[in-house]
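Everything below concerns the one structure shown next.
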Amino acid sequence: MPATEMIVMVAIVAALALVAIQLFRLAATAIRHKTVRRAIERDPAAAEAVIAELRMPEASGGDDRLGLILLALGIATLAASFTAGETGGWTDYGVGAAMFPLIVGAALMLRHYVIERAKRRGNAE
């Protein structure tokens, strides 16, 4: 399979995955709205508790996990590129491809570290 066809297929699969994720999010939002409407219809006084619970921010604990996954993916891509043997050609593309998840993963881990450090300083004061 030529490289251009492979790139097009990867792009198509990525686009389909993104569309599926967005459709799942849309369905979750629709279910949430339906729940609020039912709560308001049945008991408006009790609906305030449901709405207050929905207003609470969700814990965003995914950045550290995503950072670790991206770092692992970048390291694995680097290792695969270096074990390919000869330098130049496709090995250079593998090293270049490994830089993106490494940089983004490192940035997410740094962001997580800074946020946790700020929380600890805020609790100490």
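A few points about this structure:
- Hey, ASP43 closer than 18 Å to GLY105 by Cβ and charged (D, E, K, R) or not: no
- Condition check for MET109: without any contact (Cβ under 8 Å) to a residue 40 or more places away in the chain and not β-branched (Val, Ile, Thr): no
None of the figures in this text is laboratory data; all of them are computed from the coordinates on show. In this text the structure is predicted, and so the values were computed from the model without any measurement. Every residue, glycine among them, receives a Cβ derived from its backbone with ideal geometry; neighbour counts consider all protein chains shown.
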